[in-house]
Each structure stands twice: as structure tokens, then as C-alpha cells.
1. With the requirement that a residue be more than 19 Å from the chain's Cα centre (by Cα) and part of a loop (DSSP other than H, G, I, E, B), what does region 192-218 give you?
2. How many of the residues in region 145-157 are in contact with a Ser or Thr (Cβ under 6 Å, 6 or more places away or on another chain) and surrounded by fewer than 17 Cβ atoms within 10 Å (Cβ to Cβ)?
3. Restricting attention to region 49-100, report how many residues are part of a strand (DSSP E or B) and either modelled with pLDDT under 95 or over 13 Å from the mean Cα position of the chain (by Cα) (or both).
4. Starting from region 174-200, take each residue that is closer than 20 Å to Lys75 by Cα and without any contact (Cβ under 8 Å) to a residue 60 or more places away in the chain and list its partners that are among the hydrophobic types (A, V, I, L, M, F, W, C) and open to solvent by 40 Å² or more (accessible area, probe 1.4 Å), counting only C-beta distances under 9 angstrom and pairs at least six apart or across chains.
5. Against the condition open to solvent by 70 Å² or more (accessible area, probe 1.4 Å), more than 25 Å from Val117 (Cα to Cα) and more than 17 Å from the chain's Cα centre (by Cα), how does Ser19 come out, does it pass?
6. Out of all the residues in region 31-76, which are within 20 Å of Tyr11 (Cα to Cα), aliphatic (A, V, I, L, M) and open to solvent by 30 Å² or more (accessible area, probe 1.4 Å)?
7. Quick one: in region 123-139, of everything that is surrounded by 21 or more Cβ atoms within 10 Å (Cβ to Cβ) and in contact with a helix residue (DSSP H, G or I) (Cβ under 6 Å, 6 or more places away or on another chain), which residue is nearest to Ile216 (Cα to Cα)?
Amino acid sequence: MENSSFIPCNYTRGREFFSKFPADTTGEAIYFKTKALQIIKLGKMVLDSLGVPFWLSSGTCLGWYRQCDIIPYSKDVDFGVWIHHFHPGIVDKMVEKGFWLLSIFGRVNDSYELSFVYGGIKLDIFFFYEEEDHMWNGGTEFTDGQKYKYDFPKLTLCWTELAGLRVRVPCDTLSYVRANYGDGWAEPVREWDWNKSPPNARPNGHWPESEWPEVIQVFSPPETDDLL
């Protein structure tokens, strides 16, 4: 995977985006983008040290592809990891780097997801499961145990750069972005419901209530109660 191809961000597309939708230069936006890049850097340090390859996923991937930047209203940072690269030391190493463990959803063999907080900003690590003709990641509604499934085309990974950081993205980024955001991916959407807005989201059963202590673990510090 170290020998993966390199694909630069399309800065022409990025400039065209900002010509239509001027960059947000408020203090809040600048703070979020600064913290988000710091989270990517620290998360990369941890996962690289454990030999866990990851890629920019969801809104973080969309921001790179659409505007070569962090989306300032996205509220979080998103990584994707294949489940066969899961390492049991991820949580401890992230905490050592200053992250707060916010939640653990699912099991390693089903819909696993880790969320952390750093500087008031959330990092979601979504684990992906490969099927014969597609791959998927899961989501869990922590209030009632509803499970969701997000289908994606199978992918290979390429290297790129985001603000000087060497990171991976799906080589066919457009197919990945379109699966998650539909044909309207090029337009900013500020109101986004994680389990209703994505066109590839679908219900996937419920976790039995007897299993909630294992599959719905929330460790929310007071200042981040609204992040879930």
C-alpha cells in the first residue's frame, strides 16, 4: 500500500467551487479547520504507528475532493479503515495522544465505529466490511439501538496531500463521494442528518436491548454532550 499511486487534488475544481461559494473566514470556521487538520495529523501519527492504513472518508473526503480543503461547517473529521486492519491498541494510543474516547458502537465483526474528541471536535473512525461486489460501514442510533448500513463501491487507495499532510483517499473518489452524497455533491449542504440524508443509508435491524451495554458505549464528557 506504500506504493499506491499519488493523485493531487484538483485545484481548478477547488477554485471554481470557491468562486461560487466564497470561503468562510469567520473565527469559528478558521478554528474548526485548524483543529481538524491537527486531528488528522495526530490521528495519522497514531494509526501509522500501529500499521493501520486509513483514508479520508465522508465529509472530510468530500472537502478534499470538492474544494481541496476542510469543510468548515462539517463539525467533525472522518476516517475510514478496513476492518481487517483493526488494531486493539487504537483506543489506548489515541488517548495517549490527548483524544477523549467519546463512543464505541457495534462489534469488531459488525458495524464497528470509534469516536473521539480533541479540542471540542469529533473524530469518527468508520470500519468497513467487504462483500463480493461492494463494501459497507455501519451506524448505530445510540438512543434506541437502530442499526444502519451504508453501501459503497469497492475501492483501492491512492495517496494525496491535504494542507501538506500525506493521506490516503479512494482512487475513484467521485464514485465514493457520489455514493455517500448523491449527484448533488458539488453543492454545499449545511443541514445533514447522518442516518437520513445519505442516499446510501438504509436501516439494518436493531441491536437487542440486552446487548446495548456492549454495542452502545458512550463516554461523553460534559462539554461534548451535543456531539452525538
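The values are calculated or read from the model by the stated rules, or taken from the named source; none is laboratory data. Quick caveat, the model's predicted, so the values are computed rather than measured. Cβ coordinates were reconstructed from backbone atoms using ideal geometry, including for glycine residues, and neighbour counts include every protein chain displayed. Side chains are part of the model used for accessible areas, which takes the heavy atoms of the whole protein and leaves out ligands, DNA and RNA. Shrake-Rupley method; radii C 1.70, N 1.55, O 1.52, S 1.80 Å.
1. Listed by number, the residues that qualify are Trp207, Pro208.
2. 1
3. Looking only at that region, the number is 1.
4. Short answer, once both residue conditions are applied: Glu187/Phe21; Ser197/Val189; Pro198/Trp192.
5. Details: open to solvent by 70 Å² or more (accessible area, probe 1.4 Å): yes; more than 25 Å from Val117 (Cα to Cα): yes; more than 17 Å from the chain's Cα centre (by Cα): yes.
Yes; evaluated as a whole, the condition is true for this residue.
6. Result: Leu37, single match.
7. Phe127
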